Amino acid sequence: MRVVLGSLIFFIGFLFSQLGAWYPDVDWFNTVYVSTGWPLAVVLIGIGLILSAPLINRRDPVLVGWFAFGLCGCLLLLPLFMAKLAQERFDEQFAKEISSRQKALQGELRRQAQAALDEVRSARSTRPKDRFTQYEGRIDVLSLEKIRALDQKMGDALKRKSDDYKEALNTYPTRGPDTWITFRTREELEDERLAHQKLYEAARGFTQFVESFEDSYTEAVDQLALKPPADRVAVAEMQRILLFAEANKVYELRKLDVEAIGAALAALNILLEQWGEWSYDRREQSLSFANSASEASFHQALQRLVVATEAVQNITRPPKDEN
């Protein structure tokens, strides 16, 4: 029986030495002194007690063996319990940091969207409520109403595209690369990619609408069959809308958003395609790929993301007070 107990003590000591992966962020637990030295010392103590059992208790040496087994178990459980508490504290702190980064990123995205919206509203507030009154008497009333209706229709369509992007920002909050690489499941990465895909579609929908705006407006004007000078007024108002969009930089911002989100999608796709082939060391805060080409592509995508994000910040950053 003492042989069995000795074997069990050796087994639990060996098992203890293999548990470092349970608590990867507890530095002291993964040192050679604790992961190897401690279980070795405990096993030697246990084996020593078992071998000395006949001298300690001649009547029942097996009882000493059980005592040795229990003592070794307690000595091994103690650092495991301490490491578990330390890992939980680390995970809690790490979760707070990730949450803080996520909130900061969401706040920045909302700030950018709000800044663009405020610029639009500010510019609108300086425009005449009905700029078409200046043409009264110069073109016939029917043509003027047609132009006004077309302008309203195209303006509303442009606003809807802008509102679609704002709604997507609120509906599909996204997180940054610092958070992606800490995800523990593929499903989390897939959800993140879906959110970025929705944002990309909304931003691209706006830029495509602006890019095709002139052709759509011109086609609509042709269908109205306006006579001079009403046709020239309609074209001039179209140019006014395009200049307005250019002046308040909404189109430029959404175009940069398309670049930034596209780069983020490229990085997320690499992480998903290489799932299981990359790892993140939270203690060293370093990411490594098994495939060097994938790692290079990932960092190139992140660089494009950084460049586009900095460009957005430069546009939305309030001007410095020269005073």
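Overview of results
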{"quantity": "Counted residues, the range 227-243 - those being under 18 Å from Thr133 (Cβ atoms) and not charged (D, E, K, R)", "calculated": "6"}
{"quantity": "Answer from Val233, Val250, Val258 - the residue that is surrounded by 15 or more Cβ atoms within 10 Å (Cβ to Cβ), over 30 Å from Pro177 (Cα atoms) and either of a type in the set (Val, Ile, Thr) or touching a His at 6+ places or on another chain (Cβ under 8 Å) (or both)", "calculated": "Val233"}
{"quantity": "Evaluation of Lys153 against (1) surrounded by 14 or more Cβ atoms within 10 Å (Cβ to Cβ); (2) farther than 17 Å from Glu252 by Cβ; (3) at pLDDT below 90 (one fails), failing number", "calculated": "(1)"}
{"quantity": "Selected residue (criterion: surrounded by the most Cβ atoms within 10 Å (Cβ to Cβ)) from residues of the range 2-19 that are assigned to a helix (DSSP H, G or I) and of a type outside the set (A, V, I, L, M, F, W, C)", "calculated": "Gly13"}
{"quantity": "Members of the range 245-302 found to be at pLDDT 90 or above, among the acidic types (Asp, Glu) and under 18 Å from Leu189 (Cα atoms), listed by number", "calculated": "Glu273, Glu277, Glu295"}
{"quantity": "Hits in the range 46-95 - residues which are touching a Leu at 6+ places or on another chain (Cβ under 8 Å) and closer than 30 Å to Phe183 by Cβ", "calculated": "Leu80"}
{"quantity": "Subset of the range 28-64 [modelled with pLDDT of 80 or more and touching an Asp or Glu at 6+ places or on another chain (Cβ under 9 Å)]", "calculated": "none"}
{"quantity": "Selection from the range 278-321 of residues that are touching an Asp or Glu at 6+ places or on another chain (Cβ under 6 Å) and in a helix (DSSP H, G or I)", "calculated": "Ala308"}
{"quantity": "Number of the exception - Leu19 against (1) of a type outside the set (Phe, Trp, Tyr); (2) touching a helix residue (DSSP H, G or I) at 6+ places or on another chain (Cβ under 6 Å); (3) touching a residue at least 12 places away in the same chain (Cβ under 8 Å)", "calculated": "(2)"}
{"quantity": "Qualifying positions in the range 20-50 - surrounded by fewer than 16 Cβ atoms within 10 Å (Cβ to Cβ), assigned to a helix (DSSP H, G or I) and within 33 Å of the chain's Cα centre (by Cα)", "calculated": "Ala21, Trp22, Trp28"}
{"quantity": "Selection count, the range 33-73, where residues are of a type outside the set (S, T, N, Q) and closer than 23 Å to Arg89 by Cβ", "calculated": "3"}
{"quantity": "Within the range 52-85, tally of residues that are without any contact (Cβ under 8 Å) to a residue 40 or more places away in the chain and under 14 Å from Ser7 (Cβ atoms)", "calculated": "0"}
{"quantity": "Unmet requirement for Glu284, which otherwise passes all of (1) charged (D, E, K, R); (2) under 24 Å from Ala95 (Cα atoms); (3) surrounded by 18 or more Cβ atoms within 10 Å (Cβ to Cβ)", "calculated": "(3)"}
{"quantity": "Helices (runs of 4 or more DSSP H) completely within the range 190-277 that count 3 or more residues being closer than 17 Å to Arg304 by Cβ", "calculated": "250-273"}
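The values are calculated or read from the model by the stated rules, or taken from the named source; none is laboratory data. Fair warning: this is a prediction, and the values are worked out from it, not measured in the lab. All Cβ positions, even for glycine, are placed from backbone atoms using ideal geometry, and neighbour counts span all protein chains on display.
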